[in-house]
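Colleague: Take a look at the following structure, please.
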Amino acid sequence: MMTLYSGTSCPFSQRSRIVLYEKGMDFQIIDVDLYNKPEDLAIMNPYNRVPVLAERDLILYESNIINEYIDDRFPHPQLMPADPVMRARARLFLFRFEQEMFCYIEPLERSNQKLAEKARTSIRDSLTQIAPVFARQKFMLGEEFSMLDVAIAPLLWRLDHYNIQLPKQAAPLMKYAERLFSRPAFIDALTASEKVMRK
C-alpha cells in the first residue's frame, strides 16, 4: 500500500492527496506537523520536506514526481496526456508553474512583508495572464481534467489565505477554480487546516 507523508497545510502535499483521491485506490496518509517533523522524514527526503511517498522499497519526494508515478501505476483515470507531444507540453507547463508561481509560496508563508508583497504581485500577474484560457475551455488542457489542474488547484484555494486579490478580468479563472473545488476528490483531499483557508 502507498503511504503519503503529507503536511496538513502544505500546498505541495495537497496536490498528491488530490491525485490519490482522484484515483480512488487504497492508500494511507500520515499527517506531518511541519513545525515538529518526524526524524525519519529527513532520512527519506534529504531536503526534509513533504510530501514523501513510500511504497515497499520505493521512496519518492517532490509532488510532480510523486504524482506522475501514481498516474503511471494507476492509469485510470489518466491525468497525464497519453500522447508524447502533449505529455511533454504538460511537463513544460508544470515546470513553468513551479518557476512562475509556486516558487513564491515560501516568501508568502514567511513573514517578510516586502518579499511577500512581491510574491503576491507576481502570482496575481501570472494568474491574470492565463485567465482568458478559461473563457474558452473547462480545464487547463481543454475539456479533460488533468495533472495541470491538480498542480494549480492548491494555489487557487489559498488566494484568500495569501491575501491575493485578482482583478475583474480574472473572472474566468475564478469560475474554473470553482469547478476544481467542487470535484469530490478535491473535497475529500482537504485537511481541517485547509478547509479554514477560504472564507
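What follows draws every value from the coordinates through simple rules; no lab data is involved. Small disclaimer: the values here were computed from a predicted structure and weren't measured. When we count neighbours, we look across all protein chains shown, and the Cβ atoms used for this are built from the backbone with ideal geometry, even at glycine.
Colleague: Cut-off 10 angstrom, C-alpha nodes, Gaussian network model of the chain. Which of SER111, SER63, SER16 fluctuates the most?
Modeller: SER111
Colleague: A further question on this structure: Using Cα positions and a limit of under 29 Å, work out the lysines in reach of LYS168, with same-chain residues fewer than 8 apart set aside.
Modeller: Counting by Cα, and skipping residues close in sequence, LYS168 has these lysines nearby: LYS114, LYS118, LYS138, LYS195, LYS199.
Colleague: Next up: Could you sort 174-184, 18-28, 48-58 so that the peptide with the highest average Cβ count within 10 Å comes first and the rest follow in order?
Modeller: 18-28, 48-58, 174-184
Colleague: Whole-Hz Karplus ³J(HN,Hα) for region 135-140, in order, using 6.51 cos²θ - 1.76 cosθ + 1.60 and θ = phi - 60°, x for Gly and Pro?
Modeller: 6, 9, 9, 6, 10, 4
Colleague: Under the Karplus relation 6.51 cos²θ - 1.76 cosθ + 1.60, θ = phi - 60°, what is the ordered set of whole-Hz ³J(HN,Hα) values for region 16-21, x standing for Gly and Pro?
Modeller: Going residue by residue, I get 5, 5, 4, 4, 4, 6 Hz, with x marking Gly and Pro.
Colleague: Here's something else I'd like to know. I'd like the distance separating the alpha-carbon centroids of region 139-199 and region 4-37, in whole Å.
Modeller: Distance between centres, Cα-based: 17 Å.
Colleague: Can you tell me which aspartates and glutamates have their Cα less than 15 Å from the Cα of LYS175? Leave out same-chain residues fewer than eight positions away.
Modeller: The reachable aspartates and glutamates, counting only those whose Cα sits under 15 Å from LYS175, are GLU143, ASP149.
Colleague: I need the Debye-formula profile for the chain: one equal scatterer per C-alpha, no solvent, reported as log10 I(q)/I(0) at q = 0.12, 0.13 1/Å, two decimals.
Modeller: With no solvent term, the Cα-only Debye profile gives -0.59, -0.70.
Colleague: Then there's this: Between ALA88, ALA185, ALA119, find the one with the highest GNM mean-square fluctuation for the chain; connect C-alpha pairs within less than 10 Å.
Modeller: Among ALA88, ALA185, ALA119, the largest mean-square fluctuation in the Gaussian network model of the chain belongs to ALA88.
Colleague: Moving on. Pairwise over distinct Cα atoms, reciprocal of the mean inverse distance: report the Kirkwood radius of region 84-183 in Å, one decimal place.
Modeller: 14.0 Å
Colleague: Calculate one ³J(HN,Hα) per residue across region 171-185 by plugging θ = phi - 60° into the Karplus curve 6.51 cos²θ - 1.76 cosθ + 1.60, and present them in order as whole Hz with x for glycine and proline.
Modeller: 3, x, 5, 5, 5, 4, 4, 4, 4, 5, 5, 8, 5, x, 5
Colleague: Further question on the same structure: Around MET2, which amide H atoms from residues at least 5 apart in sequence, or from another chain, sit under 5 Å from its own amide H, with H modelled in the peptide plane?
Modeller: Distant-sequence amide H within range of MET2: GLN28.
Colleague: How far is it, in nm, from the label point at GLN137 to the one at MET25 when both lie 7 Å from their Cα along the line to the Cβ?
Modeller: So the two model labels end up 2.7 nm from each other.
Colleague: Which FRET efficiency value, to the nearest 0.05, is calculated for ASP188 and HIS161 with the Förster distance at 30 angstrom and r the Cβ-Cβ distance?
Modeller: It comes to 0.90.
Colleague: Could you give the length gained on full extension between SER126 and ALA82, defined as 0.36 nm per residue of separation minus the Cα-Cα distance, in nm?
Modeller: 13.1 nm
Colleague: Given a cut-off of under 8 Å on Cα pairs at least six residues apart, what relative contact order in percent is computed for region 84-183?
Modeller: Relative contact order here is 29 percent.
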